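Novice: Here's a structure for you.
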Amino acid sequence: MIIFAALPRYGTNMPANGQFLMEGRQMQNRILGDNLSVSALGLGCMGMSHAYSPAADESGSIATLHRAVDLGVTFFDTAEVYGPYTNEVLVGKGLKPFRDKVTIATKFGFRIDASKPSGQMMVGTDSRPENVHAAAEASLKRLGVEVIDLFYQHRVDPNVPIEETVGAMAELVEAGKIRHLGLSEANAATLRKAHATHPITALQSEYSLWTRDVEQNGVLDTCRELGIGFVPFSPLGRGVLTGALKNLDGLSDTDFRRSLPRFQAENFDANLALITLLEEMAVEKGVEAGQLALAWVMAQGDFIVPIPGTTKIANLEKNVAAANVSLSAEEAQRLGDLLSPTKVAGGRYPEQMAAMANR
Ligand SMILES: NC(=O)c1ccc[n+]([C@@H]2O[C@H](COP(=O)([O-])OP(=O)(O)OC[C@H]3O[C@@H](n4cnc5c(N)ncnc54)[C@H](OP(=O)(O)O)[C@@H]3O)[C@@H](O)[C@H]2O)c1
């Protein structure tokens, strides 16, 4: 549900300068679940400490968090596994001055081996009720907050019935330690069982022009039906949909993307051809490719709040400006067709990680 009137929206000939676009314009809000009001687009904070290279420095990351608040972003995403652990500390520190204005979402549920490289350190899942409680206590401390606004199970644990995990999360709501419940990468059946145990405010799963699983596996429809908010992660295709990542030379050996099928040389080159088409359409419309990608995700429903990740103020400004890019139904359709699932080369995750999703 949109609760602010739409501000001037841009169609053609929009200057591709984020700051210019956002000055003086108010960010719209959207509602996740029954009553969690957040900015229509959030900020993913993972890359500030985890997964991607080169690593960002703390002062730069904090400046980016502050600029996001200036621009009206109120929804911030972290997790215990990012770092691991350090990203929650960073986000808590950076947002401390704005605590009463922002919604901080974090996640629990991996067994973590911090000695392994990013992408391999999630050695299993642990959503036993005792770990749900322990993880919440630890996240509260690292974030430096009294209550976690939105607490997601990061991956469904095949060894623990979802009702038991959500039951433990509900106890934390009772105790005033968390406000809202979420799941990540759960399938439609799990989501229904969870929601019947305690209202689920948001489901977070990968969704973008080049990752459309949730359109096909019933997840988006189930969120719509049950009134659960949907939070697309990696809405910029981990950077590729911005057109800024034309080769992999700049990525360190430990950059998580190097482990993903779509980023293997042959697949990557084939996918770049699709990105060229996206860039051509962006030029036609007077915006940037990444802005088109974000506008497309946002156009799929007003219960959808993407969390593009960035470590840089300049990129943040462009991403936030995408909230003001309007697409006609014909443009949205054309974009969807440009990167339809059969055209994208390679899976989104290697096999072992893919097996952890959609349970
Ligand atoms: N639930 C889950 O399992 C899960 C999994 C993955 C991610 N997430 C969450 O979702 C958030 C977003 O996903 P993501 O970070 O994986 O992918 P993303 O948002 O699709 O893309 C992030 C990448 O794009 C680059 N970028 C961002 N804006 C740009 C712009 N305007 N121009 C050029 N490059 C740009 C960033 O680099 P710069 O830093 O250089 O801008 C970064 O490398 C994460 O931060 C995390 O909070 C959740």
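Novice: Output the helices (runs of 4 or more DSSP H) that fall wholly within the range 142-231 and possess 3 or more residues being within 25 Å of residue 131 (Cα to Cα) and among the charged types (D, E, K, R), or say none.
Specialist: 162-174
Novice: Can you say whether residue 203 is within 12 Å of the ligand (Cβ to nearest atom), surrounded by 23 or more Cβ atoms within 10 Å (Cβ to Cβ), among the hydrophobic types (A, V, I, L, M, F, W, C) and farther than 21 Å from residue 310 by Cβ, as far as the supplied structure shows?
Specialist: So residue 203 passes the test.
Novice: If residue 114 satisfies all but one of (1) among the aliphatic types (A, V, I, L, M); (2) part of a helix (DSSP H, G or I); (3) more than 19 Å from the chain's Cα centre (by Cα), what's the number of the condition it fails?
Specialist: (2)
Novice: Have a look at 225, 284 and point out the one that is more than 19 Å from the chain's Cα centre (by Cα), of a type outside the set (A, V, I, L, M, F, W, C) and within 30 Å of residue 189 (Cα to Cα).
Specialist: Matching residue, one of 225, 284: 225.
Novice: Same structure again: Residues that are modelled with pLDDT of 95 or more: find the helices (runs of 4 or more DSSP H) completely inside the range 254-354 holding 1 or more of those.
Specialist: So the answer is 265-285, 289-298, 313-321, 329-338.
Novice: Select from the range 241-261 the residues that are charged (D, E, K, R) and touching a residue at least 60 places away in the same chain (Cβ under 8 Å) and write down the one among them that is nearest to residue 209 (Cα to Cα).
Specialist: Applying the filter and picking the extreme gives 257.
Novice: Residue 88 - would you say it is assigned to a helix (DSSP H, G or I), within 13 Å of the ligand (Cβ to nearest atom), of a type in the set (D, E, K, R) and touching an Asp or Glu at 6+ places or on another chain (Cβ under 7 Å)?
Specialist: yes
Novice: Against the conditions (1) away from the ligand (no atom under 16 Å from the Cβ); (2) surrounded by 21 or more Cβ atoms within 10 Å (Cβ to Cβ); (3) of a type in the set (D, E, K, R), where does residue 225 fall short? Just the number, please.
Specialist: Unmet for residue 225, out of (1) away from the ligand (no atom under 16 Å from the Cβ); (2) surrounded by 21 or more Cβ atoms within 10 Å (Cβ to Cβ); (3) of a type in the set (D, E, K, R): (2).
The values are calculated or read from the model by the stated rules, or taken from the named source; none is laboratory data. Because the structure is predicted, anything quoted here is derived from the model rather than measured. When we count neighbours, we look across all protein chains shown, and the Cβ atoms used for this are built from the backbone with ideal geometry, even at glycine.
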